[in-house]
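One structure is given below, encoded as structure tokens.
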Amino acid sequence: MKSTHLIAAASICGLASAETTPEAASNKTLPDVVVTATKEKSLTAPSVQAAREELAKVPGGTEVVDADRYLRGRASTVADTFALSPGVFAQSRFGSDEARISIRGSGLQRTFHGRGIRVMQDGIPVNLADGSFDMQALEPTAASYINIWRGANALDQGSSTLGGAIDYVSRTGLNSTGGDLRVEAGSYGYLRAGIAGGFSAGSADVYASLTHQQQDGFRNHAEQENERLFTNFGWRFNDDVETRFYITAVNTNSELPGSLLKSELNRDPRMAAPANITLDQHRNFELLRLANKTTVRDGDTTWEFIAGVSHKDLDHPISTVIDQNTNDFFAGFTGTNESELYGHANRLRGGITFSYGLIDASTYASVFGHRGALTNHADQTATNLEGFIEDQFTVSPGFTLIAGASAAYNRRESDITYGPGRDYATDYTNISPKVGFRWEPTHQVQVYGNVSGSYEPPSFSEALTLNTARDAQTATTVELGTRGSWCAFRWDASVYHAVIKDELLSLVDPVTQLTSTINADKTLHSGIEAGFEGDLLGTPWDQSPDNRLVFRTAWTYGDFRFDNDAKYGNNKIAGQPPHLIRGELTWENHSGWYAGPTFEWVPTKAFIDHRNTFAADPYAICGFKFGQRREQGLSWFIEARNLTNEKYATTTGVMENANFTDQRQFLPGDGRSLYGGIEWKW
């Protein structure tokens, strides 16, 4: 943009925000101002505005993602959902639900079956009891909005992990009345169709969403098909008591094309790894989840009670065939009191969560993807008792101090009933403190900071690898940031530095000399998370112009490295590029029309090994989207991606030492593609 345009935009902002002089005010007759309180339609599923106000109280990096943002294009994977979310590194493995999703370097080893983040639906954990979670269990179109707490800022949600928490807040029969039919289709055999609807009658409301998705995939042996049912039923007994029941059913089947050599990616990114075809590798599972949330208000105190059960049946042919049946049980409560303390505003929040999981885990020899002889069987048990408390005390108008702590007891137990391995039962305990502040010099600007502890016991994938049970990883994070708006511009930016002890990483086991997940001695995670949104035509966000020209961008920078390690020195930890920059420039009309280019840029290489000997190349891809989104009636979109047909690795595997040679660790991104969708609301 030319400097004269910026000056003009700033001038418009200055005129819009200029104060009225006393002389001018004396010549005006001001209308009466009537202030009315808006009652929340639902106690269990607050409005998006209420969520923004709530997360603005957190003295650290947070975000509320309105579903309308990602529904303006293909809405399938976590990469689609969080494309413009600073700090959330979400990259699909091969255009599917399977992804590397990480916040502040959490779970960097994983490109599947995530860990390091607490994932929730309406404040109720989706994670299995051992801390792991499945991307296929999430349905973005059934969410009204998504809350994100980055890092230890999720303490008041009961999460103590390095990565924080993500909460999918469901649509209900109160905020999504009527019917909704949405169909998306596009390149590589992609088809996604969903029908949803909700209604309310008296004190009751019901919402249900059923989706079907299938795709051949950009790569060979990458077919995927899944069905998801998300439904909830709410009953409001009176103004202060509401309960809501949730039913989730998921059936998902995915072929796994595997990783390629970099030379193979550059030659033919659509190919699959030969072994994945020979062994017909898949990841298939069925999930049934029943849950309840009940909210009770009693004066200045609000209580939230949760409970639920889930069953997951996993059939996972890879080099062996993994067969797991998992049953999880969970219950908990939180209480929030907002009574004044010594004449000052004060907010005290605390809670306890208990979860218990049983896994019947078997492995079989793979006979071209089919079960052969039983090779191993174990009964695995995960037990967790976690609690937290946090107090926010307003010292003076605009300045609030925060102090809190989380405490946890976790147990991981495995009983080998057949095959090699050894039994173990390991207990983990931890207390993680937090102190912070929130300063609001104006109503539009906030500055915040905190020093927080975090803690994560291993999931069963890490708890026993080859020879010894793993320690829990702990960290201390320092964070400073700001969020706010000024006229036509809005921002959210934070910088953090975490010192981590016993980080769970794939390293050479000192006993077996084989690569497995063990604890690194000491590592450092530092980064910047910056999101920006501005109307380049200069119209303030509290006005409703006919047209806007909006530039949005999200920059995620992470410097993750060993700290004077005896073997790795100060090398970078493999798994994530230092920079991920995404954005769009869209013309937006008051009638819901929008059009403009999109981009994704990784400007530096990303190592695939902790020895830092081999790396994925930088890349830049661009796209374009065009459509119209309306609250009722017909909405539609057309979206083009990777217009230049770039060959690139969207993410990679992680290994200990590539020894300066090409390795089968690269996961190609999709080539040039085109998608379209229509949605009808009535």
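The values are calculated or read from the model by the stated rules, or taken from the named source; none is laboratory data. Nothing here was measured: the structure is a model prediction, and the numbers come from that model. All Cβ positions, glycine included, derive from the backbone under ideal geometry; neighbour counts span all protein chains shown.
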- Message: With surrounded by fewer than 18 Cβ atoms within 10 Å (Cβ to Cβ) and of a type in the set (Gly, Ala, Ser) as the only criterion, which of 488, 425 stands out?
- Response: 425
- Would you check which residues across region 151-200 are of a type in the set (A, V, I, L, M, F, W, C) and modelled with pLDDT of 95 or more and list them? 165, 166, 169, 174, 181, 183, 185, 191, 193, 195, 196, 199
- Qualifying residue in region 324-333 (condition: among the charged types (D, E, K, R), modelled with pLDDT of 95 or more and either in contact with a helix residue (DSSP H, G or I) (Cβ under 8 Å, 6 or more places away or on another chain) or surrounded by fewer than 17 Cβ atoms within 10 Å (Cβ to Cβ) (or both)): no
- Task: Answer yes or no as to whether residue 343 is over 25 Å from residue 134 (Cα atoms) and either touching a residue at least 60 places away in the same chain (Cβ under 8 Å) or more than 30 Å from the chain's Cα centre (by Cα) (or both).
- Result: yes
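Per-residue answers, yes or no, for (1) within 30 Å of residue 649 (Cα to Cα); (2) acidic (Asp, Glu):
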residue	(1), (2)
180	no, yes
186	yes, no
190	yes, no
197	no, no
208	no, no
213	yes, no
216	yes, yes
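Residue-wise test of (1) touching a residue at least 60 places away in the same chain (Cβ under 8 Å); (2) over 23 Å from residue 479 (Cβ atoms); (3) in a strand (DSSP E or B).
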position: 412; (1), (2), (3): yes, yes, yes
position: 420; (1), (2), (3): no, yes, no
position: 428; (1), (2), (3): no, yes, yes
position: 433; (1), (2), (3): no, no, yes
position: 442; (1), (2), (3): no, no, no
position: 448; (1), (2), (3): yes, no, yes
position: 455; (1), (2), (3): yes, no, yes
- Query: Hey, does region 267-277 have a residue that's charged (D, E, K, R), surrounded by fewer than 21 Cβ atoms within 10 Å (Cβ to Cβ), at pLDDT 95 or above and over 25 Å from residue 192 (Cβ atoms)?
  - Reply: yes
- Filter region 175-203 for residues that are outside any strand (DSSP E or B), without any contact (Cβ under 8 Å) to a residue 60 or more places away in the chain and closer than 28 Å to residue 242 by Cα; the one that is nearest to the chain's Cα centre (by Cα) is 176
- Look at region 600-635 and say how many of its residues are surrounded by fewer than 15 Cβ atoms within 10 Å (Cβ to Cβ) and not in a loop (DSSP other than H, G, I, E, B). 3
- Being out of contact with any Asp or Glu (no Cβ under 6 Å at 6 or more places or on another chain), at pLDDT 95 or above and not β-branched (Val, Ile, Thr) is the filter here, so list the residues in region 508-537 that pass it. 525, 527, 529, 530, 532, 533, 534, 535, 536, 537
- Message: For the list (1) modelled with pLDDT of 95 or more; (2) under 13 Å from the mean Cα position of the chain (by Cα); (3) among the charged types (D, E, K, R), I need the number of the one condition that residue 134 fails.
- Response: (1)
- Taking residue 349, is it of a type in the set (D, E, K, R) and either crowded, with 18+ Cβ neighbours inside 10 Å or within 30 Å of residue 452 (Cβ to Cβ) (or both)? yes
- Query: Here is a list of conditions, (1) crowded, with 24+ Cβ neighbours inside 10 Å; (2) in contact (Cβ under 8 Å) with a residue 60 or more places away in the chain; (3) acidic (Asp, Glu), and residue 167 meets all of them except one; can you say which number that is?
  - Reply: (2)
- Task: Determine, yes or no, whether residue 392 is closer than 28 Å to residue 162 by Cα, crowded, with 16+ Cβ neighbours inside 10 Å and either hydrophobic (A, V, I, L, M, F, W, C) or in contact with a Phe, Trp or Tyr (Cβ under 8 Å, 6 or more places away or on another chain) (or both).
- Result: no
- Residues in region 541-595 that are buried (at least 17 other Cβ atoms within 10 Å of the Cβ), of a type in the set (Ser, Thr, Tyr) and over 23 Å from the mean Cα position of the chain (by Cα): how many? 3
- Test for residue 228: is it within 30 Å of residue 386 (Cβ to Cβ) and of a type in the set (Lys, Arg): yes
- Run down 87, 131 and say which single residue is more than 20 Å from residue 528 (Cβ to Cβ), surrounded by 23 or more Cβ atoms within 10 Å (Cβ to Cβ), touching a residue at least 24 places away in the same chain (Cβ under 8 Å) and not charged (D, E, K, R). 131
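Residue by residue, here is whether (1) crowded, with 22+ Cβ neighbours inside 10 Å; (2) assigned to a strand (DSSP E or B); (3) touching a strand residue (DSSP E or B) at 6+ places or on another chain (Cβ under 6 Å) holds:
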{"residue": "205", "(1), (2), (3)": "yes, yes, yes"}
{"residue": "210", "(1), (2), (3)": "no, yes, yes"}
{"residue": "222", "(1), (2), (3)": "yes, no, yes"}
{"residue": "227", "(1), (2), (3)": "no, yes, yes"}
{"residue": "244", "(1), (2), (3)": "yes, yes, yes"}
{"residue": "254", "(1), (2), (3)": "yes, yes, yes"}
{"residue": "289", "(1), (2), (3)": "no, yes, yes"}
{"residue": "304", "(1), (2), (3)": "no, yes, yes"}
{"residue": "311", "(1), (2), (3)": "no, yes, yes"}
- Query: Would it be correct to say that residue 237 is without any contact (Cβ under 8 Å) to a residue 40 or more places away in the chain and either within 24 Å of residue 46 (Cβ to Cβ) or assigned to a loop (DSSP other than H, G, I, E, B) (or both)?
  - Reply: yes
- Just checking, which of 129, 137, 154, 196 is closer than 20 Å to residue 288 by Cα and touching a Gly at 6+ places or on another chain (Cβ under 6 Å)? 129
- Query: Which of the residues spanning region 314-323 are crowded, with 16+ Cβ neighbours inside 10 Å and free of Cβ contacts under 8 Å to residues at least 40 places away in the same chain?
  - Reply: 314, 316
- When residues of region 395-416 are limited to those that are more than 23 Å from residue 132 (Cβ to Cβ) and not small (Gly, Ala, Ser), the one surrounded by the fewest Cβ atoms within 10 Å (Cβ to Cβ): 397
- Out of all the residues in region 154-162, is one or more closer than 21 Å to residue 505 by Cβ, touching a strand residue (DSSP E or B) at 6+ places or on another chain (Cβ under 6 Å) and part of a strand (DSSP E or B)? no
